[in-house]
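Below is one structure, written out as structure tokens, with a few remarks after it.
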2 protein chains.
Amino acid sequence: MRDNKSFSIKFNLEDGRSPDRTPTRRMLSDMKGIYLDNKASEEMLGNGDKCIYEFFELGIPEKSSDLAFGTTILYSGKVGNEFFMTKGHFHKKLQTAEVYYCTKGHGYLLMEDPEGKTEIQEMTPGISVYVPPNFAHRSINISDTEPLIMFFVFRADAGHDYKTIETQGFRKLVIERNGKPDIIDNPKWKE
Amino acid sequence: MRDNKSFSIKFNLEDGRSPDRTPTRRMLSDMKGIYLDNKASEEMLGNGDKCIYEFFELGIPEKSSDLAFGTTILYSGKVGNEFFMTKGHFHKKLQTAEVYYCTKGHGYLLMEDPEGKTEIQEMTPGISVYVPPNFAHRSINISDTEPLIMFFVFRADAGHDYKTIETQGFRKLVIERNGKPDIIDNPKWKE
């Protein structure tokens, strides 16, 4: 990544993949304790590890003047009755926004601020979502068949705080109930 | 636009339009002196005004913690032999980047810094372009038939300086020559 030089990168609109770069992969084994149903998670792992999602990190300089961007490819599936989702994170610089643009699939963007306010936005192709500063965010794929593909942009110095969510979880979860997504309180959430 | 509240907006991937918002329209009459061939421009205007491009302004608070975003719809056509293009601008806060994601059409993103360095990136569906801080940027539609559709994101406090480009122009222009786009020096460019 050269400073102050333009560049272009292809991210296929249909599948989010890039012929130019290698994505970071999050496997089920990377997400221990993130899903509600530990037993279901262990059982799935017993049958072999599984890629839950992939995303691109372009190595943009971490400066407030700069923007980092890429796609996330979140696969379809469930752990127990909980839909496949990303780990979710706060920005280290809490006061920085993020923008998503969904090009394929069907999902939710779940957001939560440190004071416990929850927001959720549905994503279908063509839907852009504004994630305000101060909100942790997680994507959830609620399609039975299709990956969820999103283009994202955030201030390049925002940073990622995964720890807070790994430790306490989100206050809300999205599970399948009677064949439909249902937003429930997270029984494992801890302050 | 409420502060610190998420929202979603639809921007159709195919045509860039939004059922939720009204775009800002740039007519040929808004672009006097921007195209090289004034006579061709006046002749076109004589046959009635014409929308060259449209884009969305969402009224995001102009804060460094925030991101502004939307789509640009740049129509297909030429003024003389110069392809339809946006006015182009620097950011008022020069040291802020921008990101484009092309979802439809075929075009160029032309960039130029105050010292005269020119960069150009080709855009087709799925191509994202990183516009570095310090660079003026202009989109150019080189398709004979299709609109050029781009999703864009920039830091919400970046601001727009249109004046510099209106006064001196870009150092390069894109014209059609022998049925193909050609990047030439702008004979009207002035320091």
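Across peptide A:13-22, the mean count of Cβ atoms from other chains lying within 10 Å of each residue's own Cβ comes to 2.
Taking amide hydrogens as placed 1.01 Å from N in the peptide plane, the amide H of A:Lys10 sits under 5 Å from those of A:Asp20, B:Ser128, each at least 5 positions away in sequence or on another chain. Of B:Asp157, A:Asp161, A:Asp185, the sequence from fewest to most neighbouring Cβ atoms within 10 angstrom is A:Asp185, A:Asp161, B:Asp157. Segment B:73-100 and segment B:136-162 have Cα centres lying 5 Å from one another. Along segment A:107-120 the Karplus relation, 6.51 cos²θ - 1.76 cosθ + 1.60 evaluated at θ = phi - 60°, assigns HN-Hα couplings of x, 10, 10, 9, 10, 8, 9, x, 7, x, 6, 9, 10, 9 Hz to successive residues, with x for each Gly and Pro.
Shape class of segment B:1-98 from the Cα gyration tensor (axes a ≥ b ≥ c, square roots of the eigenvalues): prolate, since a/c reaches 1.5 or more and a/b is larger than b/c. Candidate cross-link partners of B:Lys190 among the aspartates and glutamates, defined by an alpha-carbon separation under 12 Å and a same-chain spacing of 8 or more, comprise B:Glu166. Once you have all Cα-Cα distances for segment A:130-183, histogram them in 10 Å bins from zero and send the whole-percent values. Once binned at 10 Å, the Cα pair distances of segment A:130-183 give 16, 42, 35, 7, 0. Sorting A:Asp66, A:Asp37 from the fewest to the most surrounding beta carbons within 10 angstrom yields A:Asp37, A:Asp66. Using the Stokes-Einstein relation with a Kirkwood hydrodynamic radius computed over Cα pairs, the translational diffusion coefficient of chain B at 37 °C and a viscosity of 0.692 mPa s comes to 193 µm²/s. Listed by chain and number, the lysines placed with their C-alpha closer than 20 angstrom to that of B:Lys50 are B:Lys32, B:Lys39, B:Lys78, B:Lys87; residues fewer than eight positions away on the same chain are left out.
Counting only lysines at least 8 places from B:Lys92 when in the same chain, those with an alpha carbon closer than 16 Å to its own are B:Lys63, B:Lys163.
Rounded if a/c is under 1.5, else prolate if a/b beats b/c, else oblate: with a ≥ b ≥ c from the C-alpha gyration tensor eigenvalues square-rooted, which is the protein assembly as shown? Here the protein assembly as shown falls in the prolate category.
Computed about its Cα centre, the charge dipole of chain B is approximately 260 debye, with only Lys, Arg, Asp and Glu carrying charge at their Cβ.
Sorting B:Lys50, B:Lys39 by the number of Cβ atoms found within 10 Å of their own Cβ, with the fewest placed first, yields B:Lys39, B:Lys50.
What is the ratio of the Cα radius of gyration of segment A:81-150 to 2.2 N^0.38 Å, with N the residue count, to two decimals?
1.08
Inter-chain neighbour count for A:58-66: the average number of beta-carbon atoms from partner chains within 10 Å of each residue's beta-carbon is 4.
Shielding of peptide A:119-128 by partners, expressed as the average count of other chain Cβ atoms within 10 Å per residue Cβ, is 5.
Every number in this text was worked out from the coordinates using simple rules, so none of it is lab data. Given the structure is predicted, the values throughout are model-derived calculations rather than measurements. All Cβ positions, glycine included, derive from the backbone under ideal geometry; neighbour counts span all protein chains shown.
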